[in-house]
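The values are calculated or read from the model by the stated rules, or taken from the named source; none is laboratory data. Predicted model only: the values in this text are computed from it and were never measured. Neighbour counts are summed over all protein chains in view; Cβ atoms, including those assigned to glycine, are modelled from backbone coordinates with ideal geometry. The protein model used for the area step is the full one, side chains on, heavy atoms only, and it has no ligands, DNA or RNA in it. Shrake-Rupley method; radii C 1.70, N 1.55, O 1.52, S 1.80 Å.
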Amino acid sequence: MPSKVTLRTLNTLRERGTPAVFITAYDYPTATFAERAGVDMILVGDSAAMTMMGLPNTLGISMDEMIVFVRSVCRAAKRTFVVGDLPFLSYQPSDETAVLNAGRFITEGCDAVKCEGGVRVAARVRAMVNAGINVMGHLGLTPQNIGQLSGYRVQGKTRAAVDQLVDDAIALQEAGAFAILLEAMPAVAAEYVRERVDILVYGIGAGPHVDGQLVISHDILGNFVGDIAPRFAKQYASIGSQVEQVFRSYAEDVRSASFPALEHCYPIEPLHEAEIQGCRAQRHTAN
Ligand code: KIV
């Protein structure tokens, strides 16, 4: 088995100019397939609120719910670097809240945690790093601030906006974050930010000039149930419609009594079968 992906591995990938492959997973089977496929990093995203729980945004998922997803993924991902996404209000209130909740993810097996924001969460990032925890920052389209951003909008579209992103990125770096994730911004904005920090910079919808690409597994598999279809997502399959078709075929087979067929039934010794059939026949006669 290839060796465990660590911070060192991720830095080596960058030195070699090899983009890291980063994907979300929330359950044991998906994480198993991601690990077998050799992805470098898994994010157990709070996007689970939308992808797995059918909520309209990421704000409603709790720490306890995230723990179930984190546990399932960590059980599967032995080699892959796992990042646990701190949900809304699990780190904003205080340094202590941040450290305790990040610590829960780490004790469940995560290699790092992620939180949203720059300058305004720098103190929390420092507290978690001081507790020995690897922290990834998240800038650009930060879904936990959807109200302040007035919806899911592309970020970093002006010089002033990009300068703000740089200030945030530097604050995260100075607070000890090992990486920053940039979401939904023009490629040139992400490139500009990346050139101004020394830590790893990953992107989702941030173009090619970053150290690795993150995608939401449901977007590339085609099994997201909802209306959001981001421009940056490339769909490789239509798993959702395949699943629906399988369920329709199964329903048809059950209703037409073509399932279960002989090959789905357990065999029995002819002698015992004859004995049981004999009993049945007697009971029917008696009735
Ligand atoms: O929760 C998540 O999957 C994320 C990505 C959208 C970046 O934070």
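Would you mind telling me which residue in 229, 206, 34 has the biggest mean-square fluctuation in a Gaussian network model of the chain, where springs connect alpha carbons within a distance under 10 angstrom?
Judging by the Gaussian network model, the answer is 229.
Take 209, 264, 284 and sort them by solvent-accessible surface of the protein heavy atoms, 1.4 Å probe, largest at the top.
Result, largest first: 284, 264, 209.
The stretch 7-237: percent of C-alpha pairs farther apart than 32 Å?
When every Cα pair of the stretch 7-237 is considered, 9 percent fall beyond 32 Å.
Between 32, 70, 107, whose Cα lies farthest towards the positive end of the dipole of the stretch 7-237 when Lys and Arg beta carbons carry +1 and Asp and Glu beta carbons carry -1, centred on the Cα centre?
32
Treating cross-link reach as a plain straight distance, find the lysines whose alpha-carbon is under 23 Å from the alpha-carbon of residue 234, omitting any fewer than eight places away in the same chain.
In chain and number order, the partners are 157.
With point charges of +1 on the Cβ of Lys and Arg and -1 on the Cβ of Asp and Glu, referenced to the Cα centre of the chain, which listed residue (98, 185, 278) lies farthest in the positive direction of the dipole?
Of the options given, the answer is 185.
Rounded, prolate or oblate: pick one for the stretch 242-286, where a ≥ b ≥ c are the square roots of the eigenvalues of its C-alpha gyration tensor, a/c under 1.5 means rounded, and failing that, prolate if a/b is larger than b/c, else oblate.
Judged from the Cα gyration tensor, the stretch 242-286 comes out oblate (a/c at least 1.5, b/c at or above a/b).
Using the Karplus curve 6.51 cos²θ - 1.76 cosθ + 1.60 with θ = phi - 60°, what ³J(HN,Hα) values do you get for each residue of the stretch 45-62, in whole Hz, with x for Gly and Pro?
Here the 3J(HN,Hα) series is x, 6, 4, 3, 3, 8, 6, 10, 10, x, 7, x, 8, 8, 6, x, 8, 9 Hz.
Roughly how many Å is it from the Cα centre of the stretch 163-205 to that of the stretch 7-77, as a whole number?
Centre-to-centre distance over Cα atoms comes out at 20 Å.
In whole Hz, with x marking every Gly and Pro, tabulate ³J(HN,Hα) for the stretch 227-239 from phi via Karplus 6.51 cos²θ - 1.76 cosθ + 1.60, θ = phi - 60°.
Result, ordered by residue: 9, 7, 9, x, 4, 6, 8, 9, 8, 9, 7, 10, 4 Hz.
Taking the chain as the reference, fit the longest principal axis to its C-alpha atoms, fit the long axis of helix 270-286 to the helix C-alpha atoms, and give the angle between the two in degrees, 0 to 90, nearest 10.
That works out to roughly 70 degrees.
Taking the Cα centre of the chain as origin, sum charge times position over the Cβ atoms of Lys and Arg (+1) and Asp and Glu (-1), and report the length of that vector in debye to the nearest 20.
Dipole about the Cα centre, nearest 20: 320 debye.
Would you calculate the convex hull of the Cα atoms in the stretch 1-144 and tell me its volume per residue in Å³?
Dividing the Cα hull volume of the stretch 1-144 by its residues yields 112 Å³.
Using modelled amide H (1.01 Å from N, peptide plane; none on Pro or chain starts), what sits under 5 Å from the amide H of residue 20, excluding residues fewer than 5 places away?
Those lying under 5 Å, H to H, from residue 20 are 212, 213.
Based on alpha-carbon positions alone, could you give the equivalent ellipsoid semi-axes of the stretch 17-81 from the gyration tensor, as √(5λ), descending, whole Å?
22, 13, 9
List the residues whose amide H sits under 5 Å from the amide H of residue 202, counting only those 5 or more places along or on another chain, with H placed 1.01 Å from N in the peptide plane.
Excluding prolines and chain starts, which carry no amide H, the hits are 180, 181, 182, 211.
So, counting K/R as plus one and D/E as minus one, what does the shell of residues with Cβ under 10 Å around residue 200 add up to?
Every neighbour counted, the sum reads 0.
To make sure I understand the rule: partners must be aspartates and glutamates, Cα under 14 Å from the Cα of residue 114, and not fewer than 8 residues away in the same chain. Which ones qualify?
Leaving aside aspartates and glutamates fewer than 8 places away in the same chain, those within reach of residue 114 are 46, 85, 183.
In terms of modelled amide H atoms, which long-range or inter-chain residues lie less than 5 Å from the amide H of residue 82?
Residues meeting the criterion, in which the H sits 1.01 Å from N, are 42, 111, 112.
To the nearest 20 debye, what charge dipole does the stretch 62-188 have about its Cα centre, counting +1 at the Cβ of each Lys and Arg and -1 at the Cβ of each Asp and Glu?
300
Can you give the Kirkwood hydrodynamic radius of the stretch 208-280 from its Cα pairs, in Å with one decimal?
16.9
Go ahead and set up a Gaussian network model of the chain, Cα springs under 10 Å, then flag whichever of 156, 117, 222 fluctuates most.
Looking only at 156, 117, 222, the largest GNM fluctuation is found for 222.
Give me the 1.4 Å probe accessible area per residue for the stretch 178-224, excluding ligands and nucleic acids, in Å².
32
Given 4 °C and 1.567 mPa s, compute D for the stretch 92-224 with the Stokes-Einstein relation, Rh being the Kirkwood radius over Cα pairs; round to the nearest whole µm²/s.
This corresponds to a translational diffusion coefficient of 86 µm²/s.
On the accessible surface of the chain, probed at 1.4 Å, how many percent belong to carbon and sulfur atoms?
Roughly 55 percent of what the probe reaches on the chain is carbon or sulfur.
With +1 on each Lys and Arg Cβ and -1 on each Asp and Glu Cβ, how big is the dipole of the stretch 127-253 about its Cα centre, in debye rounded to the nearest 20?
Its charge dipole is roughly 260 debye.
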